[in-house]
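The values are calculated or read from the model by the stated rules, or taken from the named source; none is laboratory data. Everything quoted here is computed from the prediction, not taken from an experiment. A quick note on method: Cβ atoms are made from the backbone with ideal geometry, for glycine too, and the neighbour counts reach across all protein chains shown. Note: accessible area is taken over every heavy atom of the protein model, side chains too, but ligands, DNA and RNA are not part of it. Shrake-Rupley method; radii C 1.70, N 1.55, O 1.52, S 1.80 Å.
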Amino acid sequence: MKRTFRIVPTLLLAIAIPTVVMSQSVSSRDARATREARTARENRVMTVDVAAALELAAAVTSAMGPSIASATALAANIAPAVASATAIAAQAPAMMSSAMTSASEALTSTSIVFPSRFSGGEVLTQGDSALRAAQRVLQDGDFREAARMFALIVERYPRSAQAPDALYWQAYSLYKAGSSSNLSAALEALSDLNRLYPSSGANRSDGRSLRQRVCGELAQRGDEACAREVVSTARGTGQNSNQGSSSTSGQQSCPRDDDDNDERIMALNALINMNSESAVPILEKVLAKRDECSRALRKKAVFLISQKHTENVADILIKTAREDPSPDVREQAVFWLSNVRDPRVLDLLAEMAMNNSDAAIQEKAIFSLSNSRSERATQILRDIAQRENASKSAREKAIFWLGNRRDAQATEFLKSLYTRLTDKDLKDRVIFSIANQRGPGSGEWLINIAMNERESIEVRKQALFWAGNQRAASVPDIATLYDRIGDKEMKEQIIFVLSQNKAAPAVDKLMDIARRDTDRELRSKAIFWLGQSRDPRVLKFLEEVINR
């Protein structure tokens, strides 16, 4: 029951009454009597209410006694329960670890095939962790230990998603280990990969490529079975290359030039150390193909056949250089013809260097001629260099390679050729080639070109630059030239050439120019380039200039 306590109103009333009484008239007795009667009634009500409240409090206290006793007893019982729960929680990690170990052992030893929704979970997580750990060991270069760890993953988690990858990496680790026994073990691992996980990505792509690589190594070491496999694969190389991209299941895409992991490229590479009698016929069949998809295979075959030493190698390469539909393949054939010692090769190279409209093939032909030290090859290069109706590019290449021969005959020919040239670019090429030779008299010849006022200023500056840059002319010769020459632009070029030489005589000449030259701009240029020098004398010199 709700009870009303009127203690506060009564107190307020007790405070308010005197004030009211003082403000009223003394003569109003009836009013006073009425107010006193009302106050008395209110005091009686308050007394009754306080008594009732005290009675209620006593009843509540009596009722709460048993509850308090029960709560005390409950608290006494909770303490042991809390202690027991704490002990169980402390043992939980060890119990969980033991349970997980038992579950893992049961899963790896059982022959039961679990539905996919039950077989993922912790086994896959453990397998993934183990795979990553083994891959770290592989990256560290411990191939045998990595192979052991990958094999253990396959053994413990054969039904996990990591098993095919682990089997592939086991084979790869054994391949990297390198010995014949490891290579044989790698081949066995790849066979297991194909047998146990035929549809896995590791088997369909990477596994096949790795098998070609491993088998190629074993074939080179005399493994007959692998040799037969390599030859069989190489013979079939490019059979379906005209099918193009592998949009249809079962078809292979066209191999790329830079794809050394393509099994067909690997099969060709494996032929390089096999005997020529077995390898050349296979390579010849590859070169006979004409579809665009076999282009990369034909380029690889050109290189491989150039390394063989049979009578028909020259014929095969000459035919390829003339007839292959791909300019890239023809270029490769022309390039590798330089390895072939056959008089017919020079005729073909001369023809292609002079008359072929393909600039890239021209360049390869001239390069191949430069690799031949025969007098005939040298004469062909001279003919190209001085032939006025030959392309400018071909003439520049011929001049360049003649300059690389570094013999007196080549130098004298280039000097003679220079007097007959009118094209600035060809003249620049001759100047560079003679400077590059650094032969006797080259520096003097270049200085004379720089001094010749009948030459264009650009040609003279080029002669001066290459004379200094290639050290064809000595620093004293270049320094003396500064005093002999009157053209200001040529003097600026001499200052620059001297600044590129760190020798003490070059620094001496620059300081002399900065001190004595009457031209303020030339002095300024000399001071500027001296500021780039690390010669300790320069700092003192600059201080002198500052304090003038």
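Observations
- Here r is the Cβ-Cβ distance between Arg471 and Lys424 and R0 is 30 Å; the resulting FRET efficiency, rounded to 0.05, is 0.80.
- Cross-link pairs beyond the 21 Å C-alpha cut-off, checked among Lys299/Lys364; Lys289/Lys319; Lys415/Lys502; Lys502/Lys540; Lys300/Lys392; Lys285/Lys319: Lys415/Lys502; Lys300/Lys392
- Anisotropy class assigned to the stretch 417-502 is oblate, per the alpha carbon gyration tensor with a/c at or over the 1.5 cut-off and a/b no larger than b/c.
- Cα coordinate range in the stretch 342-443, projected on the principal axes (Å, largest first): 38, 27, 18
- ³J(HN,Hα) computed for each position of the stretch 146-151 - Karplus, 6.51 cos²θ - 1.76 cosθ + 1.60, integer Hz, glycine/proline x: 4, 4, 4, 5, 5, 5
- Whole-number accessible area per residue in Å² for the stretch 459-548, which is evaluated in the context of all protein chains at 1.4 Å: 56 Å²
- Considering only Phe528, Phe465, Met490, the residue lying farthest towards the positive end of the dipole of the stretch 456-548 is Phe528, judged by Cα position with unit charges set on Cβ.
- Cβ crowding within 10 Å averaged over residues, with 491-499, 304-312 ranked highest first: 491-499, 304-312
- Shape of the stretch 245-368, Cα gyration tensor, a/c cut at 1.5: oblate
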